[in-house]
Amino acid sequence: MQSILLIVVMIALFYFMLIRPQQKRQKKVQSMQSALKKGDTIATIGGLHGVVDSIDDKQVTLDCHGSLLTFDRQAVRTVLEVSEAPVDSFESNDNN
């Protein structure tokens, strides 16, 4: 009886320490990727930062300093806040 109880406790421990947190992270990433919209500043899993130019069910097109690059939607790691977005050169501000 004790061995069965020990096995049940170990399974519950694995579930609450490993499986459940992974499922929560996966749901969070899926909801972030489904909420993407044109104009969002994002970072890909490869470290590329850009602005969403267009989006469909499977692909995202990013504008990265004038270059349009297409990625799978699953390659989006995070949506950056405005303060986290990379700053372009200050040349346009200096001439005004």
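Out of the residues in the range 10-37 meeting the condition of being surrounded by 10 or more Cβ atoms within 10 Å (Cβ to Cβ) and touching a strand residue (DSSP E or B) at 6+ places or on another chain (Cβ under 8 Å), tell me which one is nearest to V76 (Cα to Cα).
Q33
I'd like the full set of residues that are outside any helix (DSSP H, G or I) and farther than 24 Å from V60 by Cβ, limited to the range 1-36. Break it down stepwise before answering.
First pass over the range 1-36, keeping only residues outside any helix (DSSP H, G or I): 1, 35-36.
The one that is outside any helix (DSSP H, G or I) and farther than 24 Å from V60 by Cβ: M1.
What residue, among those in the range 48-72 that are closer than 17 Å to V29 by Cβ and touching a residue at least 24 places away in the same chain (Cβ under 8 Å), is surrounded by the most Cβ atoms within 10 Å (Cβ to Cβ)?
Among them, the one singled out is V60.
Any read-out appearing in this document is the output of simple, stated calculations on the displayed coordinates, not a laboratory observation. All figures in this text were calculated on a predicted structure; none of them were measured in a lab. Positions of Cβ are generated from backbone atoms using ideal geometry, with glycine treated the same way; all protein chains shown enter the neighbour counts.
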